[in-house]
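What follows is one structure encoded as structure tokens, with my remarks underneath.
The values are calculated or read from the model by the stated rules, or taken from the named source; none is laboratory data. On a predicted model such as this, the values are computed, not experimentally measured, just so you know. Cβ placement follows ideal geometry from the backbone for every residue including glycine, while neighbour counts extend to all protein chains displayed. Calculation scope for accessible area: heavy atoms of the full protein, side chains included, ligands and nucleic acids excluded. Shrake-Rupley method; radii C 1.70, N 1.55, O 1.52, S 1.80 Å.
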Amino acid sequence: MRSPAVSLKAAHCADLISRSDSTVVLTGAGISTSAGIPDFRGPRGLYVTRRYDPERVFDIRWFQRDPGFFYEFARDFISMMMTVRPTFSHLFLARLEAAGKLDAVITQNIDMLHQSAGSRNVVELHGSYGTATCRDCGRGFDALTNAWWDEAMLRSPRPPVAFCPACGGVLKPDIVFFGETVNGYDRAERIIARSDLLLVIGSSLTVTPASLLPREAGGTTVVVNRGPVSLEPSAGRYFVDHDTDEYLRDVAGLLGMADR
Ligand SMILES: [Zn+2]
């Protein structure tokens, strides 16, 4: 982990965005913490406070052995998701996209807050709980609009495992587990390679392979994250060690987009 080397004033960042022809954003857990979603791995993260072991919760071999272990966690996570709202940063990124100033959001988060905020072009590297796939027949389902999901998540006796309405097999939400390939990595690489401005928001760039994506950037990179970041300083890279909402509120104000 390296300390931020070259900082960037909000005015300069706003200027980069307004002059860019192709801006792309990469987001991590830090963009969602002020929404009330704990960083899973932080000292007060969900894993720690509820005694979930991430090595087991998101391990595909454990899921195959006992899906109830994952579903116990999922029930708590989804109950929490029902109470959270997107942060200013999420809303600002959605507004930038609507204004034609942002090509895509690439995220490491599974919380779907970018979509809640109104972002449309979102690459979810680690998937999300919005859809689920049957382990037996391979059918895909929109988890959030299906009664069986509600039933399994909120009302079933423990363990709350969701089963396929078609064949009765175990459903697995389309979250990328340890031991599985991330979603859309090639697409994310292409999007970043053709951009001229990459904003990394709320990620310390420690989780591979997302942490490798900034290497693809051909233009300027601005990392806004509270705390150290694993990215070598180099020409055209700026590091802002600051609260993401506060910093982006300043940037949005300068762009005339701070209306909420
Ligand atoms: Zn099935």
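Brief remarks follow.
- For I175, the criteria (1) within 26 Å of R135 (Cα to Cα); (2) surrounded by 19 or more Cβ atoms within 10 Å (Cβ to Cβ); (3) touching a Leu at 6+ places or on another chain (Cβ under 8 Å) hold in every case but one, which is (3).
- If you filter the range 178-201 down to residues that are open to solvent by 50 Å² or more (accessible area, probe 1.4 Å), closer than 30 Å to E72 by Cβ and of a type outside the set (S, T, N, Q), you find that the one that is nearest to the ligand (Cβ to nearest atom) is E180.
- Of the residues making up the range 93-113, just one is among the basic types (K, R) and touching a strand residue (DSSP E or B) at 6+ places or on another chain (Cβ under 9 Å), namely K101.
Residues are listed down the side, and each one gets a yes or a no for (1) touching a helix residue (DSSP H, G or I) at 6+ places or on another chain (Cβ under 9 Å); (2) of a type in the set (S, T, Y); (3) open to solvent by 20 Å² or more (accessible area, probe 1.4 Å):
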| site | (1), (2), (3) |
| --- | --- |
| F77 | yes, no, no |
| R85 | yes, no, yes |
| A104 | yes, no, no |
| C134 | no, no, no |
| G140 | no, no, yes |
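- Among the residues here, S204 qualifies as within 13 Å of L26 (Cα to Cα) and surrounded by fewer than 23 Cβ atoms within 10 Å (Cβ to Cβ).
- P160 vs. criteria at pLDDT below 95 and in a loop (DSSP other than H, G, I, E, B): yes
- Within the range 115-132, the residues that satisfy the criterion of being crowded, with 18+ Cβ neighbours inside 10 Å and touching a Lys or Arg at 6+ places or on another chain (Cβ under 9 Å) are A117, V123, A132.
- Taken over the range 49-75, the criterion of being open to solvent by less than 30 Å² (accessible area, probe 1.4 Å) and in a helix (DSSP H, G or I) is satisfied by P54, V57, I60, F63, P67, G68, F70, Y71, F73, A74, R75.
- Test: residue in the range 100-118 that is over 17 Å from the mean Cα position of the chain (by Cα) and not assigned by TED's automatic domain parsing to the domain that holds A162: yes
- Total residues in the range 163-216, condition assigned to a loop (DSSP other than H, G, I, E, B) and either under 19 Å from the mean Cα position of the chain (by Cα) or acidic (D, E) (or both): 17
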